[in-house]
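To keep things clear, I will list the structure first and then write my remarks on it.
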Amino acid sequence: MRILLVEDEHKIASAIKKGLEQETFAVDVAYDGEAGLTEALGEEYDVMILDRMLPGGMDGVQLTQKIRAEKIHTPILILTAKGGVSDRVEGLNAGADDYLVKPFAFTELLARLQALLRRPPQALDPVLTVGDLTLDTVRFEVKRAGKLVQLTSKEFALLRYLMSHADTVVSKDKIIAHVWDYDADVLPNTVEVYIGYLRAKLDRGAKGPNLIQTIRGFGYKIGLPEGA
């Protein structure tokens, strides 16, 4: 899952980015409202984290209003040192989905992001299921027919994206946009390589059908084959 973080304090931004990447998220960072708006309008994100107090002529509330004015419905979490009721109401009325007051525990930030990701159109259940394959987005566990499958963080992120769009063909460009951050050095065959890694681990010793299908010329789809 890909996250946009707009935070002007570089140390805070770096700490949040590092923590989220350790939790398998891809994170793009902008340090002011204008740069954040450019990223929000130019890329597709699963969640946006916006600091309320930003330098320049656009704060987090105004940034949220501009994003919503462009009919972008990506979940937005506002971070702020201003914790008054009126401040929270202003942010939520601007179109934000949640509000977290600084200082905060990283575990709470992560829990709030997971809650936002579980809202429609994302899966409501924290455990995604395709056939006999399950992925627990809270425990970061993957099982095939009840047997634990060990994945790297990037493999987990890729599988999570595929399973969040089960029975839907997703292109390589879509996968790259949601699984790798903007600065990642992604080669043309990177997606193919990681799909190969997943297939090897998921299908090894499995009695069920191969779940990840290649749709020639279009991309990949995870789901039960017809007649399975």
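Just a few scattered comments:
- For a straight C-alpha distance cut-off of 16 angstrom, no lysines are reachable from residue 71 once same-chain residues fewer than eight places away are disregarded.
- Dipole magnitude for the chain: computed about the Cα centre from +1 point charges on Lys and Arg Cβ and -1 point charges on Asp and Glu Cβ, it is near 940 debye.
- Subset of 18/102; 154/221; 17/154; 172/201; 17/102; 18/154 violating a 25 Å alpha-carbon distance limit: none
- Rounded to the nearest 20 debye, the dipole size of region 127-222 about its Cα centre is 440 debye, using +1 on the Cβ of Lys and Arg and -1 on the Cβ of Asp and Glu.
- Counting neighbouring beta carbons within 10 Å and listing from fewest to most, the residues 160, 144, 118, 216 come out as 216, 118, 144, 160.
- Candidate cross-link partners of residue 147 among the aspartates and glutamates, defined by an alpha-carbon separation under 12 Å and a same-chain spacing of 8 or more, comprise 132, 203.
- Our estimate of slack between residue 168 and residue 65, defined as 0.36 nm per intervening residue step minus the Cα-Cα distance, is 34.0 nm.
- Positive-end ranking of 217, 25, 50 along the dipole of the chain, with charges on Cβ about the Cα centre, is headed by 217.
- Counted by neighbouring Cβ atoms within 10 Å, the residues 44, 226 run from fewest to most as 226, 44.
- Theoretical gain in end-to-end length, residue 34 to residue 138 [0.36 nm per residue, Cα-Cα removed]: 34.1 nm
- Region 127-222 - convex hull of the alpha-carbon atoms, volume per residue in Å³: 94
- Net charge dipole size for region 2-117 [Lys, Arg +1 and Asp, Glu -1 on Cβ; Debye, nearest 20]: 260
- Value of Rg/Rh across region 2-117 [Cα atoms, Kirkwood radius]: 0.91
- Each pair of Cα atoms in region 55-139 enters the Kirkwood radius, and Stokes-Einstein at 37 °C and 0.692 mPa s then converts it into a translational diffusion coefficient of 225 µm²/s.
- As an equivalent ellipsoid, region 178-228 spans semi-axes of 24, 14, 9 angstrom, where each value is the square root of five times an eigenvalue of the C-alpha gyration tensor, largest first.
- Beta bridges from DSSP with both residues in the chain: antiparallel share about 50 percent, rounded to the nearest 5.
- Sequence of 90, 70 once ranked by neighbouring C-beta atoms within 10 Å, starting from the fewest: 70, 90
Read the figures in this text as sums done on the coordinates, not as results from a lab. Being a predicted model, the structure only gives us computed values, none of them experimental. Every residue, glycine as well, gets a Cβ built from its backbone with ideal geometry; the counts of neighbours run over all protein chains shown.
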